[in-house]
Amino acid sequence: VASLNKKLAYLRDRMVNAWRMIREGRFHVFTKSIFQELRTRREAIENRYRGRSRLLNSRFYNSRKVTPASYRPTDSVLLSDQVSPLDGQRISASLLRLRNSIKLSDGIDG
Amino acid sequence: MSSSSHSVAVITVTYNAVNFIASFLESLFAADTRHLELTAIVVDNGSTDGTVGLIRERFPAVTVIQNDENNYARALNLGIAGSESDFVAITNNDASVHANWLQGFLPVFAANPRAGAVQSKIFFEGQDRLNSVGVEEIEHFYFKDIGFDEKDSKRNDKPAKCEYITGGSMMLRRSCLDDVGIWDEEFIMFMEDVDYSARCRAKGWELWFAPESILYHQYHGSTSQELCEYFCNRNRFLFVAKHFPRELAASIPTSHFFRKGEFDLLYRSLLHAVRKMAACHDTETVEAVLQSLGDCLPEYIGEVSAYSFFLQLEVLLGLRKIRVGIYGDAEHFADEEQQYVAQMAAIMQERYDVTFICSSDIAFASYKEWFDRELPPRGIKMIQIPLLEECNRYTSNEATVLREKQNPFDSIARASLEYDIFVNGSNLSQVKPLAPNSWFVCHFPDHERGHYFQVEDYDQLIISGNDAGSLVKKRWSMEPTQKLYPPVNMYNAASSAQKKEQIILSACRFDMSGSKKQIELIRTFGQMCKEHPEKTVGWRLVLIGGSIPENTYLDEVRRAKETVGVSVEIMPNAQVQDIRDYYRRSSIFWHACGLDEEGPERVEHFGMTTVEAMQNYCVPVVVDGPGQREIVEHGASGFRFGDLEALKAHSLTLMDNPGIRLAMAQKAFARSHLFSLEVFREQLESLMDSTEAELLGCDVLPLARENLQMPGGD
C-alpha cells in the first residue's frame, strides 16, 4: 500500500505540473517534460539491468526504491549574517551516534 | 536616472577565449554609452591560448586582472573588487551585445528603487530563439531559463520581476553588491547566480528582467556538457544545503547523480553540501539534517559508504585529525618491506593519528634498533587472522587463503573502516579497503590475480621500483599510480671515499631459501684469494644480515666459511651501529641475491642495502637483476655482474685500482641521493597533500582529473 501511495503521489505531482504548464500556455515545455519523463523511465529500466553500483550494498540500485520529493520546496531558511559557531562536541557526538546506528553485518563484500 | 551620468563597470571572465573575446569587446565598445562612464574589466582564469595578449594588444583600454585559480565565482569577486562604479554588469564573453545593451538596464533601475539586479533578454546567437528572460525553479530545486529555446513573444516585452536571474548578462546596483556581499566561490561555476539571486532577495532586493537590454549568446560555447552537468548537480546540493538545509535529504533521490547511479559523485557532492550547511546554519539545524541523512543514506548509497560518509565528515568539519590505519602482517622482524612501512608511518604520524593494524606480534621496541626510527606510539590494533594462526607460518602467504570460502581478511577490511586513510603495507592483495581513501603498497605482486583480489578497490597503488611496476602490469593488468623508492637513510658524516679499509661487505638477510647467495659469495672470495693472493692480501669479507632463530641456512654459511678458510666474518642480527660502522669502513659492497634464479619471487626487487652502501662511498658490485639495475649504473656508479666470474673480475679491478675505486665511490654516493629518505619524504608528503585535499573536500574534482578544462563562463 505504501508503495502504491508513493506511486500515486508521484503521478499526482506530474499531473499538477502538467496542468500548470497547460494553464500557462507553455506547450513547448509541456512536450519536453513528457519526453523527459519517458527518458527517465527508460534510464530506470536500463539501470536495473546494468549491474551493481560502484559503491557497496546500494539497496536503491538493487530494489529501485525511488522516492520523489515534494513538488516544490517548502520552508525557506534565510541566511543570517551572523552564524553562531558550531558546537563541535555535539556534532561529533551526533556523527558517532549515526555511525553506530548503521548495521554493518552484511556490509562487507570481500 | 536616465538623464544623469552613471559609471558602469562591465566584467567578463575568460578562459581560453581567444576565438570570441575580440568580437565581444568590439560589440561592447560599439554599444551606446551616452551618459555612461564605461570601464571594461576582463578577469582571466589562466588562459593558455593568448587571450590576455590579444586583449592587451587590441583593447588597451580594457583592465585585465589575472585570477590565480580557475574559479568563475572568484573571478567575479576579483573583478567587482577592482571596480568602483555605480553599476556592475556581468556577462559571458562567448556573446555579442546589442547596441542598447547597457542603456536598456537603466530604466528598470530607475523605475524600481529596490531593484538590486536586472537581467537582459538573451537570444541565441544567430537565431530568433530565446536563451533566457529570467530563471525559475521548475521542481525539486532544478532551475531553468525562462523562455529557453522558445520564440520571443509579446509577454517578454515588458519589464518583469523575477525570482532568479542569470549571470549570463546582468547588471547590479553597487549598493546591492555592498549589502549582499561577495559571490560564493565554493560554487566555482554554475548556479552561483541562482545562489546570489536568493541572497539578494533575502536581503530585500528585487530582481528584474529588462527587455530593452539584449545580448546574443553562443550558449555553452566554452563549456563541455559533462562539466556543465557535474557542476550543476553538485551545486544544486550546495544551494539546497545553504538555503533549504532541511530539504537536503529529500533532494537526494531526485538528483541526477542518484538517478544515473553515479554514487561516487553523489557521495562527494553531499560532503561539499554538508560542509556548506555547517558553515551557514546553527548546531540544531545541522544536527537535524545529519539525522535525516542518517535515516536515508544507508539505504541510498549502502551501509559501508554511509558509515564512511559520517566518518569523513568529522575530518571535513574540522572536528578531529585525520586517522591513518597501517596494516602490516609481518612487523615482527627486520626486512626492507618493514623498514619501508616504518618510515612511511613515521612521516605520516607527524601530521596524522597513526595506528598499526597487525596480525602478529609487533616488535615496536626493536624498530629503533633495526631501522633507527621511532614508530607511532599512538596505537597498535591486533587483529588475529585465524587461518594464519592455523597455518602457523612465520609470515602470511596469499596462497593459503585462496581455497577459503570466506575471505579471511574481512576482519581487517572491517577495521579499515575506522580510518580516513588505510595503508595496506602487507602486500596481501585480498585485503579489502573500506576507508574513504586507501593505499596499497606493492613491493612485489606475489601471485596472479586470484579469488578475493581487492587491489582495484584502492585509490593508490604504490610501487617501490620499476620491477614491481612491470610485474603489476603483467600479473594484475593494472597501472601503478605512484612510484615511491624505498627510503634509504644510512648517511654517515664520518664516511668518506678516501678513508676506507680493505673490506668487502655484504648486507643481506640470511634467508632460509638461500636466495641471498651468501655461500656463493664466500666461495668466490675464497677463489679470489687463492688465484690472486697478491691482489687480495689484507682483504676480508664481512657478511651481515638479519636471521630468524634456528636458521639452518646460517649454519651452512658458517660451514662454508670453515671450508674455505679465508678471512670471512659472519655477523647475524648485528646492531644498527655496527652495521653503520661497517658501511663506513668497507670499500666494496657485494650483492648477489637472485643470481641464477629464474622465478621472480627469488629475485631482489629493489635492494636497499646497495643504496646504504653507496651512501657511505662503498662501491657496489651487484648482480645484474631488476632492482639493482635501477640503482647501479654499470661502469659508472659501480659494477653489475651476470655470473661469479664477472663478480671476481670487477672486484679485482677495484681492489687493484684505488683511483677507479675512488671515482666510482664518489659517483655511487651522488647516485644514492635518488633513493634517499629526503626524496621519499618529499614524494610521500606530496601524496599526503593530495589525499588530504580530497578528504577535506577541496576540489580535486573527478572531472578535473580527466583533464577536462574549466572554462571562464557558461
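No lab work stands behind these numbers, since they all come straight from the coordinates. Predicted, not measured: the structure shown is a model, and the values here were computed from it. Counting neighbours? That spans all protein chains shown, and the Cβs are built from the backbone with ideal geometry, glycine included.
What's the center-to-center distance, using Cα atoms, between the range B:472-486 and the range B:573-594 in Å? After rounding, the separation between the Cα centres reads 30 Å. In plain terms, the residue of B:Leu521, B:Leu172, B:Leu177 with the fewest other Cβ atoms within 10 Å comes first and the most crowded comes last, giving B:Leu177, B:Leu521, B:Leu172.
Considering only DSSP beta bridges where both residues belong to chain B, give the percentage that are antiparallel (nearest 5). Before the final figure, lay out each step's value.
Numbers: 21 of 92 bridges.
Roughly 25 percent of the beta bridges in chain B run antiparallel, per DSSP.
If you bin all the Cα-Cα distances of the range B:205-281 at 10 Å, starting from zero, the percentages per bin are 17, 37, 27, 18, 1. Only beta bridges with both residues in the range B:6-154 are counted; by DSSP, about 25 percent of them are antiparallel. Per-residue mean of foreign Cβ neighbours for B:276-283 is 4 (Cβ atoms of other chains, 10 Å radius).
Evaluated over the Cα positions of chain B, the convex hull gives a direction-averaged projected area, one quarter of its surface, of 37.3 nm². The residues A:Lys32, B:Lys517, when put in order of fewest to most other Cβ atoms within 10 Å, stand as A:Lys32, B:Lys517. Listed from fewest to most Cβ neighbours within 10 Å, the set B:Met512, B:Met688 follows the order B:Met512, B:Met688. Rounded, prolate or oblate for the range B:471-546? Axes are the square roots of the Cα gyration tensor eigenvalues, ordered a ≥ b ≥ c, and the cut-off for rounded is a/c under 1.5. Oblate, since a/c reaches 1.5 and b/c is not below a/b.
Dividing the summed -39500 (n - 2.57) terms of all DSSP H runs of n ≥ 4 by the residue count of chain B sets its mean residue ellipticity at 222 nm at -11500 deg cm²/dmol. Shape summary of the range B:184-318, radius of gyration then Dmax from alpha carbon positions: 16.6, 55 Å. Here the dipole of chain B is about 1040 debye; that uses its Cα centre as origin and unit charges on the Cβ of Lys and Arg (positive) and Asp and Glu (negative).
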